[in-house]
């Protein structure tokens, strides 16, 4: 499971003050904690700063890579901010988070992915907005994969985001996301799936419980990546258990290792 640590996000009230005050120590500590907890990529987002986003995103990249060599997920729809971050990056191959099939956004971000040889998260969304049905999302995913590979990207560098929407605002959104994952992975087994896991529970109580349930259902459908909170020990325990149950973790070796390390919460 490809874990993308979500905590360095300017929309989170817990971390935004540190970003506002350029508190490098707090940013670095949170990045290290996520990595130590199992994050393979560190997502960095400065979108709440609007006009200052390029400068702030560059600062986040420089600040984190002073103490950590983990790759980044550069989280922005702004091509200027993305390029500023890519130029600053000295760590290993990053992911751009994200592109869509909206014409303007695709045409402005795609060249950056090619020039800087990045991975890319591609959202099942186009100029008509967020599709309601599995069929429409799969059509967009197919189109994005075709266009991205035509530009020279390998399937293994593409991360399809099925557009997880809150189940509290539509009872069909859970199954739509799960079935989109299933169909995309069936048709394109070489691509990855990377969704914003906690979107499923927005606006409802006991969010962690809903996130855990959705995680297992999505993994069973073929999800192999997620943007999530790696500091949620219970959620990470479900990741390890899910991998063992789905035959991804041969002979449960990683699960047993995590148990011995005290990384599982039961």
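The values are calculated or read from the model by the stated rules, or taken from the named source; none is laboratory data. Only a predicted model underlies this, so the values are computations on that prediction, with no experimental measurement involved. FYI the Cβ positions are ideal-geometry reconstructions off the backbone, even for glycines, and counts take in every protein chain you see.
Looking only at the range 11-53, how many residues end up being part of a loop (DSSP other than H, G, I, E, B) and loosely packed, with under 13 Cβ neighbours inside 10 Å?
Start the filter on the range 11-53 by keeping residues that are part of a loop (DSSP other than H, G, I, E, B), which leaves 11-15, 21-23, 37-40, 46.
Subsequent filtering for residues that are loosely packed, with under 13 Cβ neighbours inside 10 Å retains 11, 13-14, 21-22.
Adding up the residues that qualify gives 5.
Yes or no, residue by residue, for (1) within 25 Å of residue 123 (Cβ to Cβ); (2) touching a helix residue (DSSP H, G or I) at 6+ places or on another chain (Cβ under 9 Å); (3) surrounded by fewer than 16 Cβ atoms within 10 Å (Cβ to Cβ):
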position: 222; (1), (2), (3): yes, yes, no
position: 225; (1), (2), (3): yes, no, no
position: 228; (1), (2), (3): yes, yes, no
position: 235; (1), (2), (3): yes, yes, no
position: 247; (1), (2), (3): no, no, yes
position: 264; (1), (2), (3): no, yes, no
Any hit, the range 62-83, residues being more than 20 Å from residue 2 (Cα to Cα) and without any contact (Cβ under 8 Å) to a residue 12 or more places away in the chain: no
Members of the range 207-266 that are outside the structural domain of residue 190 (by TED's automatic domain parsing) and under 22 Å from residue 179 (Cβ atoms): 238, 239, 242, 243, 245, 246, 247, 248
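Are any of the residues in the range 97-113 closer than 23 Å to residue 214 by Cα and assigned by TED's automatic domain parsing to the domain that holds residue 61?
Kept after step one, since they are closer than 23 Å to residue 214 by Cα, are these residues of the range 97-113: 97-98.
Of the ones still in play, those that are also assigned by TED's automatic domain parsing to the domain that holds residue 61 are 97-98.
So far as the range 97-113 goes, yes, one or more of its residues are closer than 23 Å to residue 214 by Cα and assigned by TED's automatic domain parsing to the domain that holds residue 61.
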